[in-house]
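In what follows, a single structure is set out as structure tokens and then discussed.
The values are calculated or read from the model by the stated rules, or taken from the named source; none is laboratory data. If you're wondering where the values come from, they're calculated on a predicted model, not measured in any experiment. No Cβ is skipped: glycine too gets one built from the backbone with ideal geometry, and neighbour counts run over all protein chains shown. Just so you know, the surface numbers come from the protein's heavy atoms only, side chains and all, with ligands and any DNA or RNA stripped out. Shrake-Rupley method; radii C 1.70, N 1.55, O 1.52, S 1.80 Å.
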Amino acid sequence: MTEQYEVIVVGGGTAGLSAGLVLGRSRRRTLVVDAGEPRNAPAAHLHGYLSRDGMAPDEFLAVGREEIARYGVELVRDRAVDAERDGPGFAVTLAGGRTVRGRALVVATGLKDELPRVPGLAERFGRDVLHCPYCHGWEVRDQPFGVLATGPLGVHQALMVSQWSKDVVFFPHQVAEAEFTDVDLRRLAAAGIDVVPGEVAGLQVTDDRLTGVRLADGTVHERSVLFAAPRPVPRGELLAKLGAELRETPFGAYPVIDERGLTTVPGLWAVGNAGGFAEQLINAASRGYRAGAAINGELLFADIDAAAGV
């Protein structure tokens, strides 16, 4: 059985819920498909979102689900496993066996983080192993920081976090010294950041708190916070399958979109981290809102033009 909606939103995070809210308020029959895999699940609190700073991520999403339900938006806990063009719209197959059709399709599947393969690091991620200083820097300010290089951009991360602590140690780890420029090294020195060569073998944890970074030679450098940039992996399978043009970036392949979130495929939209790497929660909400409003306008004028014969 195929169920018909006006808009299908794949992804029930901030961007998807925001799009759903606008569409519901626009009286559009909308389905949000939520696989329940928010990127910020390891974090205890979200930050930098005006009026919601410090809120638990799961509570934030729960409130969002309640809000879209007020306007008749349906949310289903399921996974979209396939999508294809179906006339002027789209047919989406869910893991649970349903097939749903929509005139427009919003992909808000985000991305997943692949963490560096350092023993113990994944277990501390979102606690005292962190990624974004704008998300968590204030909470750990003035503590001894370590920064684990996962590529040449590790220098940039080390320089950035020095705004939140003046005690920063940079661990090049497996990144060869040749990958860092003379300017990189001069900037690290100017910022007062110590560079400790050698491969990181693990973390030292005492009483469920990070207390140090252990190198392969056995030496331990006392640190209470470690910043490490995961490798972002976009969840763009549906976009690629539907023929959206993708662009390669240092952070993965993302769809080419206009300022509203429309891809190169008519009726196919990408919002939040499905459309780009650097979308924080508040940006994702904005992107979802903008796409929702644009989709409603496109559907409205398509129907008016069809009725008017223009």
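The table for this structure:
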| read-out | value |
| --- | --- |
| E139, sole failed condition from (1) open to solvent by 20 Å² or more (accessible area, probe 1.4 Å); (2) without any contact (Cβ under 8 Å) to a residue 24 or more places away in the chain | (2) |
| Condition met for R127 (under 14 Å from L31 (Cα atoms) and surrounded by fewer than 17 Cβ atoms within 10 Å (Cβ to Cβ)) | no |
| Hits in segment 186-206 (condition: free of Cβ contacts under 8 Å to residues at least 40 places away in the same chain and of a type in the set (G, A, S)) | A189, A190, A191, G192, G198 |
| Unmet criterion (only one of (1) open to solvent by 70 Å² or more (accessible area, probe 1.4 Å); (2) in contact with a strand residue (DSSP E or B) (Cβ under 9 Å, 6 or more places away or on another chain); (3) of a type outside the set (K, R)) for V265 | (1) |
| Cβ-Cβ under 9 Å pairs, at least 6 apart or on other chains, segment 219-232 side closer than 10 Å to D128 by Cβ, far side among the basic types (K, R) and open to solvent by 10 Å² or more (accessible area, probe 1.4 Å) | S224/R209; L226/R124 |
| Checklist (1) modelled with pLDDT of 95 or more; (2) open to solvent by 30 Å² or more (accessible area, probe 1.4 Å); (3) under 24 Å from F251 (Cβ atoms); (4) part of a helix (DSSP H, G or I) applied to R186, failing item | (3) |
| Any hit, segment 237-260, residues being of a type outside the set (F, W, Y), open to solvent by less than 60 Å² (accessible area, probe 1.4 Å), at pLDDT below 95 and at positive phi | yes |
| Among (1) in contact (Cβ under 8 Å) with a residue 40 or more places away in the chain; (2) part of a helix (DSSP H, G or I) - the single one W269 does not satisfy | (2) |
| Within segment 155-164, tally of residues that are within 22 Å of G202 (Cβ to Cβ) and among the small types (G, A, S) | 1 |
| Search result, residues across segment 144-168 that are open to solvent by less than 10 Å² (accessible area, probe 1.4 Å) and not hydroxyl-bearing (S, T, Y) | F145, G146, V147, L148, A149, G154, V155, A158, V161, V168 |
| Subset of segment 6-21 [of a type in the set (A, V, I, L, M, F, W, C) and either open to solvent by less than 20 Å² (accessible area, probe 1.4 Å) or touching a Ser or Thr at 6+ places or on another chain (Cβ under 8 Å) (or both)] | V7, I8, V9, V10, A15, L17, A19 |
| Candidate set from segment 22-57 (those that are farther than 21 Å from V100 by Cβ and hydroxyl-bearing (S, T, Y)); member that is least open to solvent (accessible area, probe 1.4 Å) | Y49 |
| Identity of the residue in segment 202-236, open to solvent by 20 Å² or more (accessible area, probe 1.4 Å) and of a type in the set (V, I, T), that ends up modelled with the lowest pLDDT | V233 |
| Hey, E248 of a type outside the set (V, I, T) and closer than 20 Å to T150 by Cα or not | yes |
| In segment 270-283, residue surrounded by the most Cβ atoms within 10 Å (Cβ to Cβ) [restricted to those that are closer than 13 Å to C135 by Cβ and among the hydrophobic types (A, V, I, L, M, F, W, C)] | L281 |
| Yes/no for E259 being assigned to a loop (DSSP other than H, G, I, E, B) and closer than 28 Å to P152 by Cα | no |
| Set A302, A293: member being more than 20 Å from G11 (Cβ to Cβ), open to solvent by 30 Å² or more (accessible area, probe 1.4 Å) and assigned to a helix (DSSP H, G or I) | A302 |
